[in-house]
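Asker: Before I ask anything, let me first share the structure, which is written out below as C-alpha cells.
Quick note: the coordinates plus some simple rules give every number you see, no bench work behind them. Note that the coordinates shown come from a computational prediction; the quantities given were computed from them, not determined experimentally. Cβ coordinates were reconstructed from backbone atoms using ideal geometry, including for glycine residues, and neighbour counts include every protein chain displayed.
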Amino acid sequence: MPPAGGTAADAADAATARDRGGDRLRFVGAATRRIARGIDLDEIVLGLCRATVPTFADAILVYLRDPLPVGDERPVGPVVLRLRRTDRIPLDPDTDSGRLPLLPSQPDLSPAVGGGPAAELCEVEAGGPLAEVLRGVRPVFGDSQAARAALPELLGEGPSVATGQRTVLAPLRGRRRVIGAAVFVRRPDRPPFEPDDLLVAAQLATHTALGVDKAVLYGREVYIADELQRTMLPDSLPQPTGVRLASRYLPAAETARVGGDWYDAIPLPGNRVALVVGDVMGHSMTSAAIMGQLRTTAQTLAGLDLPPQEVLHHLDEQAQRLGTDRMATCLYAVYDPVAHRIVVANAGHPPPLLLHRGGRAEVLRVPPGAPIGVGGVDFEAVELDAPAGATLMLYTDGLVESRMRDVWTGIEQLRERLTATARLTGPNPPPLEPLCDEVLDMLGPGDRDDDVALLAARFEGIAPSDVAYWFLDPKAQTAGQARRLARRALARWDLDDLTDAVELLVSEVVTNAVRYAERPITLRLLRTDVLRCEVGDDVPQLPRLRQARPSDEGGRGLYLVNRMARRWGATRLSTGKVVWFELAMPS
C-alpha cells in the first residue's frame, strides 16, 4: 500500500528510484573490480572502457597526461593530454542519423564526436576553461557552462557533442595531481545522464586514476630493477686464450621479471679463467641489488686467486653480513687451459653439464653444498678433466625448473637437448652461439616463472708444445739464465724476431723478482695469438710504475715494460704475485 500521505504513483516512483540506485551500486562495484584487475596502464584503461560501454555510456574517450608523472616528481613544462584510448558501441546506419556523439572503435585513434575527428594531443592552457574543470576534480555535464568551454579545448575545434545532459566530462585525479580526463557520451535515443550518474562517473574516474598511478609506479619500479640487474651483468665477455665463451640472459615473465641471476667470466693469472653463475633467491629490487654486491665480491675474490671453495666461503660470509635472510646459490669454476683441467665448487646450485666432442652430454658429479648465506658450512671443490673441444654449460634454475617440471626432469631434458644438438654437427662440436639459442628453445610458454642466466665455455686449451716453464733460484745470475732459456724457446718456436725485446724485458722483470724473493721464482712463456711471459715470486707487494729521477740507479724496468709490451700487468696470488707482459706476434 502507498505510504501515508502519498499516492500509488509516488510509491512506484520511489521503488523505481531504489531499483536504479541498486543498479548503480552493482554497476559501480563490478566496474571498479574490473578496473582494479589491471596491472599495466593499457589493461587499466581498457578495463574502464569495457566496464562503461555500453552499460553506462555509448562512447568514451580517455585522455592521459603525456608524459605521466611518477610518484612525487614535479612535471616541467605545460600540461599535455594525449588521447590514450576510445571505445563505442557499433553504429547502426538504419537508426542513427544526424549529429550523433559516436566514436569509431579501436584501433582508430581519431574518433568522430558529432562528425569530426577528436584531437589526439591537447595542451592545457594555464588558467583556461579546461584547466579550471580539471582543477575542480568533480565531473560536470556537457551542457554546463564550464564544460561547454572546456570540451572544445580538449577535443579540438572540429568535434562537438550533443546538447543536454548526454556528455559527462570527468577529471582523472590520482593521489597527488590530475593525470587526465574521461569523456562519457550517450546517444540521443537513450535517456540522458542524471545527477546521480555524476557520482558514478566520479567513482569510475577515481578508481581509474588510482589504477593508473599504481601502474606507472609499478612500471617504473620494474624498469629500474630490470635496468639495475642488466647493468650489473657483463656488457661483454672477455676473450681469454684457450677458451671461447657465450652467454644469455632472459628476464622472467612480466608478472615476476625482476630476479637476481648473474653470470661472469674473470681472467686469472696463467691464462686461467674463472666461470661464475649465481642466483639470489627472490624477485625484487633487493634481489637485484644483492646480486650486484655478490658479483662484485666474487670479482674481488677472484682477483686474489683464491681456490673456488674459499671464494664460496667468503661469499657466504658476505651474504650473512648483508642480512640473515640473504641467500643465493652459486657455482664457481676455474679452467686451466695449460693443464686441461677444471676445478669446481658448488653452493646449492644446479650441477653443470659437459658436452663432449663426440656428442655425449653428462651431468658433472659436483658436491651440491649448501646455499650461500646459510653459514657455518664447508664447501668442497673437485678437479675434473676439461678435454679440448668439450663445452661446459653453466645455468640457473630458471632454465630447468618451472611449474610444469621439477629441476631434475629439467636437467635431464637439457642433457638430451645438448646431445641432440651435437648429433647435427657430427664429430665437430656445435657452434657455441647457436648452441645457446638451442638450449633456450627448450623453454615453453609456461616455463618463464624465473629469470634465466646461461654461460657456455668451449674448451680449446693450450698445447704443451706452446708452453715453456722453469723454476729458477733467486740468485744474482738468474737474470742471465732466464735470458738464455727464453732465447732457446723463441728459437724453437721460430720467433727469433722477438728475441731482443723478450730478453730485455725478461731480464728486467726477473731482476726485480730476484731482488726480494726468498723462494724459487717461476718463468713461463706461452705461445698463442700473442707471446706471453709470466714471472712469479713469493712477494705479495705489487710493483708500481713510476718515473725514475735522473739520479736514480734503478726504477726503469717497468717503464721499459710499459713502453715496449703490448700489454702488461701484475696479479697478487695467495702465495705471492705474478708479473706478466705480452708481445704481438711477428707478421
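Asker: How large is the convex hull of the C-alpha atoms of region 30-71 per residue, in Å³?
Answerer: On the way: hull volume 3.2 nm³, N = 42.
Dividing the Cα hull volume of region 30-71 by its residue count gives 76 Å³.
Asker: Mind pulling up the Rg/Rh value for region 389-442? Radius of gyration and Kirkwood radius, both on Cα. Don't skip to the end; give the middle numbers.
Answerer: Working: Rg = 11.6 Å, Rh = 11.8 Å.
Taking Rh as the inverse mean 1/r over Cα pairs, Rg/Rh reads 0.98.
Asker: Considering region 172-215, what Rg and Dmax in Å follow from its alpha-carbon atoms?
Answerer: Values for region 172-215 (Cα only, Rg and Dmax): 12.4, 39 Å.
Asker: May I ask for the distance between the Cα centers of region 402-441 and region 166-227, given as a whole number of Å?
Answerer: A separation of 49 Å, based on Cα centres.
Asker: Right, here's the next one. I need the calculated FRET efficiency for the pair Gln299 and Met442, taking r as the beta carbon distance and R₀ as 25 Å, to the nearest 0.05. Kindly include the intermediate steps, with their values, before the conclusion.
Answerer: Values: r = 30 Å, r/R0 = 1.21.
Step by step, r from the Cβ atoms, then E = 0.25.
Asker: Turning to a different aspect of this structure: For region 473-538, what is the Kirkwood estimate of the hydrodynamic radius, computed as the reciprocal of the mean inverse distance between distinct Cα atoms, to one decimal in Å?
Answerer: Values: mean 1/r = 0.0835 Å⁻¹.
After inverting the pairwise mean of 1/r, the radius is 12.0 Å.
Asker: Can you give the relative contact order of region 175-306 as a percent, counting alpha carbon pairs under 8 Å and 6+ residues apart?
Answerer: Values: 120 pairs, mean separation 25.2, N = 132.
Normalised by residue count, the contact order of region 175-306 is 19 percent.
Asker: Another question, if that's okay. Using 0.36 nm times the number of residues separating Phe471 and Val530, minus their current alpha carbon distance, what extension gain do you get? Mind dumping the intermediate values first?
Answerer: Numbers: separation 59, 0.36 × 59 = 21.24 nm, distance 2.25 nm.
Gain on extension, Phe471 to Val530, equals 19.0 nm.
Asker: Can you give me the P(r) profile for region 379-473? Cα pairs, bins 10 angstrom wide beginning at 0, each as a whole percent.
Answerer: So the P(r) values, bin by bin, are 13, 37, 28, 13, 6, 2, 0.
Asker: Please give the per residue volume of the convex hull enclosing the alpha carbon atoms of region 468-587, rounded to a whole number of Å³.
Answerer: Numbers: hull volume 12.6 nm³, N = 120.
It comes to 105 Å³ per residue, whole-number rounded.
Asker: Gain in length, Arg176 to Leu560, computed as 0.36 nm per residue apart minus the alpha-carbon separation, to one decimal in nm?
Answerer: Values: separation 384, 0.36 × 384 = 138.24 nm, distance 6.51 nm.
Gain on stretching Arg176 to Leu560: 131.7 nm.
Asker: Hey, if you drop one equal point scatterer on each alpha-carbon of region 195-284 and run the Debye formula without solvent, what base-10 log of I(q)/I(0) do you get at q = 0.16 Å⁻¹?
Answerer: -0.78
Asker: Related question: Compute for region 259-324: radius of gyration divided by Kirkwood radius, i.e. Rg/Rh, restricted to C-alpha atoms, rounded to two decimals.
Answerer: Details: Rg = 12.1 Å, Rh = 12.3 Å.
Expressed as Rg/Rh, it is 0.99.
Asker: Right, something else. How high is the relative contact order of region 454-539, given as a whole-number percent (alpha carbon pairs under 8 Å, six or more residues apart)?
Answerer: Values: 107 pairs, mean separation 30.2, N = 86.
Reported as a whole number, the value is 35 percent.
Asker: Additional query: What's the FRET efficiency of Arg484 with Asp42 using the Cβ-Cβ distance as r and R₀ = 56 Å, to the nearest 0.05? Present the calculation step by step, with values, prior to reporting the outcome.
Answerer: Values: r = 75 Å, r/R0 = 1.34.
Working from the Cβ atoms, E equals 0.15.
Asker: Right, here's the next one. Regarding region 280-366, what are the three Cα extents along the principal axes, ordered largest first, in Å?
Answerer: Principal extents (Cα only, largest first): 45, 29, 18 Å.
Asker: If we count every other residue with Cβ under 12 angstrom of Leu354's Cβ, Lys/Arg +1 and Asp/Glu -1, where does the sum land? Walk me through the intermediate numbers first.
Answerer: Working: positive: Arg357, Arg360, Arg365, Arg415, Arg458; negative: Glu362, Asp385.
That sum, taken over residues with Cβ under 12 Å, equals +3.
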